Amino acid sequence: MAQYQAVRGVKDIFPEELAKWKYVEGVIHKLASFSGFQEIRIPIFEYTELFQRGIGRTTDIVGKEMFSFRSDPKGRSITLRPEMTAGVMRAVLQKNLLSSAPVHKFYYISELFRKERPQAGRQRQFSQFGAELLGVSSTVAVAEVISLMMQVFESLGINGLKLRVNSLGDMDDRCRYREALKAYFVPFYGIFDDSLRERCKSNPLRILDSKNLSIQEVITEAPKLYDYLSASSIQDFEEVLYYLTELGITYQIDHRLVRGLDYYCHTAFEVTSAELGAQDAIGGGGRYDGLAKEIGSSFDVPAVGFAVGMERLLITMEKQRLFATLNSKNTLVYVVLQQPDLECYAMQVAWQLRKAGITTEIDLAKRSVKAQMREANRIKSSYALFIGKTEVMTGLYSLKNLITSEQKTFSLEALLDILQSPIH
Ligand code: AMP
């Protein structure tokens with residue numbers, strides 16, 4: 001075993017796997033920009049307060065513990081970002097972007113860090129792709145964000161995902177509901193443990209998404225948030241549902257879908273994948289109009305966004321065999337040296353091909369012709385280009401199509417023409 005092992009809960013991504021990431025990332029970049037979202041990159045660490053205000057303030061935000069440290073003994077605490085939303089909002093407020101343009105649409109593909117217990121689909125370093133739409137509170141903005149997320153899934157060919165939506169109403173709606181929920185749970189205190197009882201008092205909404213089976217029975221009969229929504233909150237939700245229907249996006253309303261923090265409001269959504277086992281959430285999001293003020297803004301910034309776990313997206317795609325036709329290393333030409341002393345000449349030919357934009361691989365280990373051919377086939381090269389004394393003397397090269405086994409001789413010029421053409 002190697003002397004040094006990676007830290008628990010992180011993963012190395014080797015080229016074959018990386019090809020899948022790049023393919024998925026390519027689709028995300030394309031679709032996000034088609035919808036007018038621009039990529040944003042923000043620092044990997046921030047002052048801890050940003051996240052403590054944002055997500056860690058309530059101690060029951062289990063599973064989102066943070067990696068924090070001090071850069072020097074007296075320095076302020078710094079935290080590796082456990083989410084992107086607070087950082088994006090901080091960046092936008094810091095640059096005062098909303099004063100120049102009222103609406104901003106950002107997307108990202110970024111690494112996050114959470115001190116969770118690692119298991120399948122749950123890592124300590126993982127990636128999310130997500131989008132944040134800041135500055136408008138319209139229901140069409142919510143639909144815009146959800147449709148981008150669903151379009152990415154659809155373009156990647158993923159099947160069987162389930163989109164659940166709910167409305168969290170506004171602050172007043174939730175206050176009324178929270179009281180009703182607290183009262184409902186009191187008779188069950190006897191079967192709850194201490195931490196659950198504590199949560200009932202501090203943040204009873206968080207109990208609704210508990211995975212504990214005995215609690216789920218209790219939850220089934222609990223009051224529904226929907227029954228506590230004001231008329232305008234109901235109208236807001238119905239508009240979102242109308243847009244989703246019109247856009248052909250299939251959804252289910254799930255009254256148990258909640259987000260326990262006050263800065264969330266109105267529409268919340270989550271997507272699950274049956275391929276994922278216990279950790280079945282592939283992505284989720286919602287409106288978070290209250291976040292800006294929580295992180296020090298003097299004015300409200302209406303906002304909506306989502307985040308999708310890249311690893312879980314890739315696991316789902318792998319299970320659905322969506323990478324089956326993806327060629328991880330699409331080498332077009334493998335330059336086969338017939339004599340080792342022609343290395344330098346072969347290198348020059350390879351460079352000419354590469355300069356012309358033709359993917360070219362060359363033997364670096366002075367292997368026999370047979371071994372080079374084996375390697376060319378192993379890396380799924382389309383052609384072998386032979387370099388021997390005759391080629392050097394005549395300037396004519398034998399090109400073998402490794403799929404059809406057909407072999408022909410060409411000048412360098414003709415070679416470049418053929419290999420650059422989209423059909424060859
Ligand atoms: P959240 O930011 O908690 O709403 O998570 C959004 C998505 O990120 C989830 O639906 C998962 O797909 C993914 N995710 C969250 N935590 C982890 C983790 N520890 N490891 C891998 N993926 C995660």
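For residue 233, what is the net charge nearby, where nearby means another residue's Cβ is under 12 Å from its Cβ and Lys, Arg count +1, Asp, Glu -1?
With Lys, Arg at +1 and Asp, Glu at -1, the neighbours total -4.
Just flag the chymotrypsin sites (Phe, Trp or Tyr not before Pro) in segment 243-320 sitting in loop per DSSP whose Cβ has no more than 10 other Cβ atoms within 10 Å.
299
Could you point to the residue in 110, 248, 133 farthest towards the positive end of the chain's charge dipole, with +1 and -1 charges on the Cβ of Lys/Arg and Asp/Glu respectively?
Selected residue: 110.
Can you tell me how much longer the chain between residue 10 and residue 253 gets when fully stretched, taken as 0.36 nm per residue apart minus their C-alpha distance, in nm with one decimal?
Gain in length upon complete extension: 84.0 nm.
Under unit Cβ charges (Lys, Arg +1; Asp, Glu -1), what dipole magnitude, rounded to 20 debye, does the chain have relative to its Cα centre?
1240 debye
Just report the Cα centroid separation between segment 251-295 and segment 364-390, whole Å.
Rounded to whole Å, the Cα centres lie 53 Å apart.
Please report, in cubic angstrom per residue, the volume enclosed by the convex hull of the alpha-carbon atoms of segment 333-420.
Once divided by residue count, the hull of segment 333-420 is 85 Å³.
So what's the back-of-envelope 222 nm ellipticity for the chain, counting only DSSP H runs of four-plus at -39500 (n - 2.57) apiece and dividing by all residues, rounded to 500?
-11000 deg cm²/dmol
Just grab the label-to-label distance for residue 120 and residue 390, each label 7 Å out from Cα along the Cβ direction, in nm (one decimal).
In this crude spin-label approximation the distance works out to 5.6 nm.
May I ask which of 30/224; 20/115; 105/355; 20/105; 319/370 have a Cα-Cα span longer than 29 Å here?
30/224; 105/355; 319/370
What does the charge add up to near residue 143, with Lys and Arg as +1, Asp and Glu as -1, over the other residues with Cβ less than 13 Å from its Cβ?
Net local charge, residue 143 excluded: -4.
Bear in mind that the values in this text are calculations on the coordinates, not laboratory data. Keep in mind it's a predicted model, so treat the numbers as computed, not measured. Here the Cβ is made from the backbone with ideal geometry for all residues, glycine too, and neighbour counts use every protein chain on show.
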